[in-house]
Amino acid sequence: MNSFFQELRGRFGGLIRSFHSDQAGAISILLSGSDVRPIAGFLRAEYGARLVTVFAEDRVEPEGLFYNYYVFEQRPNPQFLILQVPIPADDRRFPSLAEDLPNVNWQEREIQDWFGLEAAGHPNPRRVALHDNWPDVHPLCKDFPIDQVLPPFEGEQHVYRPTLGEGVFQIPVGPVHAGIIEPGHFNFALAGEPILYLQLRMFYTHKGTEKLFERLPIRRAVFLAESISGDSSFSHAVAFCQAIEGAAGIEIPARAAVMRTVMLELERIYNHTADIGAIATDVGFVVANMHAARLREMIVALNEELTGNRLLRGMASVGGVRRDWDSAQIRAIRRALEIFEKEFRDLIALIASSDSTRDRLERTGILSVEKARALGVVGVAGRASGVDLDVRRDHPYAAYRGVELRVPVYDAGDVWHRMQVRSDEVHESVRIVGAALDTLPSGPWCAPPQPIPGGRCAMSAVEGWRGEIIHWVRTGPGESLERCKIKDPSLNNWPALVEAVEGNIIADFPVINKSFNLSYSGTDR
Amino acid sequence: MFKILRKTFETGIVTRSYPERPAQVCTNFRGRPEFDLGQWSDSRPAAEVCPTGAIRVQDTGLARQVTIDYGRCVFCGLCAEVSGGAVTVTREFELAVQQRGDLVFSAEYALNQDGTNQSLVRITQPAGGQNDPGRNLRRTVHSVLGRSLAIREVDAGSCNGCELEIVALNNPVYDMERLGIHFVASPRHADMLLVTGVVTRNMEQALLKTYRATPEPKVVVAVGACGVSGGIFGVNYATVGGVDRVVPVDVYIPGCPPRPEALIHGILVAVGRLAQKLEGRPGR
């Protein structure tokens, strides 16, 4: 690691102002200029580093500038590398990386929308987070009050690109969909049945979440974290708590780490099981879905027994978890998972034995390895397309350090393999829960309350069931937050859906979409 | 084919018969918090920890008004942890009401010098309940929609938690079709809109258009703390607040999210097949 920093200093001495490490798990490098391109290019080319996320912060009042943060990961190094890049308040521009790195396309545009900074040279600088009919506001700037009432919106929410040609037509879908799912707009261009081009309009459920974090006291904000994406309540809550614990230097007790691990895996199990059922239903195999939904119900009932809430809400807490488990609850986990796993095997065997189902799922909605890498796809969708990432293994947290983890990775990138990754991971999760319970130490389940100092920054990463969840915080005075950045894996993966559906027939769109099952609320916040 | 049938027979019937039989609610489930107002020595800690402002305290000199709003409650149980036994978490979940005010009540206290509650002066019950103007209408709705109800679900800005529980209504455990209730793909085929989420500025128009597209007679049910009141998100630059800020609401179902039986209860209350249980009851 030291030689790495020496090399960095040697090459970019003038550009690097300082190194600092506020927390275990991340090293920050403060740059002196706003041009991150040379050093980002070097990290990618020489060290194979992956750009995890890009986000901004308004520091105009205290420091007269904005910061952009570029978070890199270089496996197998467990530490994240964060480039902190100043952008002067009187010249609000930063060079765009989106031309070379499509995975930051949306994220840079978010920075434009939220902060009024300009991503110079962006290939498609249109709005992404704010709809076209919003007035010219930048809600995450500190001089924008959260309660500001905006005038009634007029005009189109988004102008779609025209798709022209003989026999080419468009199908608009949403934001209110036919199923019981979240709102978003899909604009399909078709020639006959095959999809030529899909345009997405997201952010219908944008509810000011990141701004709201800046107003809530930290201990209440845990509940806001639970409401970022309902099916990932516990993962987001843990990601948030870990960030606060990192900022405040709080060590969680060993028992809490194991309990968090168990619940993170239960969240993965119930969502993966529901998704497998939903994939089956989208190709007409409803019986399989009924079994899957029944199995999911077993796990959410277990969730309720363990936490008082079917979606594991009200359990995460800064410093650990809110309640302990007694031996009856621990027995209930083992008993439920034993029955569950046997039934889950039956479910997968049922689906695998149906030739018509396989026929619809195999080679459908292929996301190639090259495209997945270029778009920075993470999580289940990434692992089905050769992207070997898993935060649990690469940046262990909770009790994952002591767990040997098998990460399923396939190159086929079709719906079938996205389902296969889920199925493999469910078995792996059951095993992890069993192993974690074997090592469950006695003792406290939450660290004693201690003050959370202001002015600290920390980042945390959690492998939610969808993929990599990132939270970054800067604490403020009186246990408040000055900034909370949330990156749901869905934000990386939506553009990949566009690639995966191309050339497929429109009737396969629902199953392809379901095989990604991305969060709208997590994306829109 | 035989494998499928064999598995089905092995599994047997898993459907529960709520509401004919009471729901099987596990002992750890957190439902409605109950307030022993006479024994509540200090309301401030509960108001302090409440993540959504469901418990609010307003002091004027040595008088205090405590307002409790089940419509904002996310059932986290923090109020019970800091109230020394005056607040207990019950397992009640059938909290759907026809008027928003039925979820709210206030208690007025005289205060000690140190700011603790000295004595309970009065409890203000919400309006509504007995003198309910919607009763006749619901009779009509029941005769028209009671036995076969088509629902269009609208996510107007939810976190997706409520959707998970609404989807669960279609699973074999809750199987809402046994009650003649099913979900439809278009508002034009719907009798009821089941609306979740704090309504976002970006969904305001879509929700209005969906409402207008639904034929009369129609019923609107607001689901979850966010749909009922705006929840933890409240009103901000990106949100409008609860569903009734945009379209008229007939029934409110609290919860974060409401469990499937709570949804069934609320839907059946909306069409007059079940009675509302909560009558602005403060507790013991």
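The values are calculated or read from the model by the stated rules, or taken from the named source; none is laboratory data. As the structure is a prediction and not an experimental result, all values here were calculated from the model. Note that each Cβ is placed from the backbone with ideal geometry, even for glycine, and that neighbours are counted across all protein chains shown. Note: accessible area is taken over every heavy atom of the protein model, side chains too, but ligands, DNA and RNA are not part of it. Shrake-Rupley method; radii C 1.70, N 1.55, O 1.52, S 1.80 Å.
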Top-ranked residue of region B:15-50 - restricted to ones that are part of a helix (DSSP H, G or I) and of a type in the set (A, V, I, L, M), ranked as nearest to the other protein chains (Cβ to nearest Cβ):
B:Val49
Only one of B:Arg64, B:Arg91, B:Arg30 is open to solvent by less than 60 Å² (accessible area, probe 1.4 Å) and in contact with a Ser or Thr (Cβ under 8 Å, 6 or more places away or on another chain); which?
B:Arg64
Filter region B:62-89 down to the residues that are in a loop (DSSP other than H, G, I, E, B), more than 19 Å from the chain's Cα centre (by Cα) and within 14 Å of another protein chain (Cβ to nearest Cβ) and list them by number.
B:Val82
Filter region A:88-132 down to the residues that are among the β-branched types (Val, Ile, Thr) and modelled with pLDDT of 95 or more and list them by number.
A:Ile111
Could you tell me which numbered condition A:Ala436 fails, if it satisfies all but one of (1) closer than 30 Å to A:Asp326 by Cα; (2) without any contact (Cβ under 8 Å) to a residue 24 or more places away in the chain?
(2)
For region A:348-363, give me each residue that is under 30 Å from the mean Cα position of the chain (by Cα), among the hydrophobic types (A, V, I, L, M, F, W, C) and either within 11 Å of another protein chain (Cβ to nearest Cβ) or open to solvent by 60 Å² or more (accessible area, probe 1.4 Å) (or both).
A:Ile351, A:Ala352
Counting just the residues of region A:259-312 that are open to solvent by 10 Å² or more (accessible area, probe 1.4 Å) and outside any helix (DSSP H, G or I), which one comes out nearest to B:Ile166 (Cα to Cα)?
A:Arg310
Going by the conditions given, is A:Val407 surrounded by 21 or more Cβ atoms within 10 Å (Cβ to Cβ) and closer than 27 Å to A:Ile351 by Cα?
no
From B:Val228, B:Val249, grab the single residue that is of a type in the set (A, V, I, L, M), more than 14 Å from B:Tyr70 (Cα to Cα) and assigned by TED's automatic domain parsing to the domain that holds B:Ser148.
B:Val249
Could you list, in sequence order, all residues of region A:326-342 that are facing chain B (nearest Cβ under 10 Å) and open to solvent by less than 10 Å² (accessible area, probe 1.4 Å)?
A:Ala332
Counting only residues in region B:1-47 that are of a type in the set (Gly, Ala, Ser) and under 26 Å from A:Glu343 (Cα atoms), the one farthest from the chain's Cα centre (by Cα) is identified as B:Gly12
Condition check for B:Leu164: touching a strand residue (DSSP E or B) at 6+ places or on another chain (Cβ under 6 Å), crowded, with 22+ Cβ neighbours inside 10 Å, of a type in the set (A, V, I, L, M) and not in a loop (DSSP other than H, G, I, E, B):
no
If you go through region A:374-383 one residue at a time, do you hit one that is farther than 18 Å from A:Arg50 by Cβ and either assigned by TED's automatic domain parsing to the domain that holds A:Asn492 or of a type in the set (D, E, K, R) (or both)?
no
Can you tell me which residue in region B:167-184 is farthest from the other protein chains (Cβ to nearest Cβ), limited to those that are within 18 Å of B:Leu145 (Cβ to Cβ) and among the hydrophobic types (A, V, I, L, M, F, W, C)?
B:Leu179
Residues of region A:16-29 being free of Cβ contacts under 8 Å to residues at least 60 places away in the same chain, out of contact with any Phe, Trp or Tyr (no Cβ under 8 Å at 6 or more places or on another chain) and under 28 Å from A:Ile244 (Cβ atoms), which ones?
A:Arg17, A:Ser18, A:His20, A:Ser21
State yes or no: is A:Phe169 out of contact with any strand residue (DSSP E or B) (no Cβ under 8 Å at 6 or more places or on another chain), surrounded by 10 or more Cβ atoms within 10 Å (Cβ to Cβ) and aromatic (Phe, Trp, Tyr)?
no
Could you tell me which residue of region B:196-246 is most open to solvent (accessible area, probe 1.4 Å), considering only residues that are part of a helix (DSSP H, G or I) and more than 13 Å from every other protein chain (Cβ to nearest Cβ)?
B:Asp244
Unique residue being more than 14 Å from every other protein chain (Cβ to nearest Cβ), open to solvent by 10 Å² or more (accessible area, probe 1.4 Å) and either among the β-branched types (Val, Ile, Thr) or not in a loop (DSSP other than H, G, I, E, B) (or both) when the list is A:Arg345, A:Arg373:
A:Arg373
Residue in region A:88-95 that is away from chain B (no Cβ under 14 Å) and buried (at least 23 other Cβ atoms within 10 Å of the Cβ) present
yes
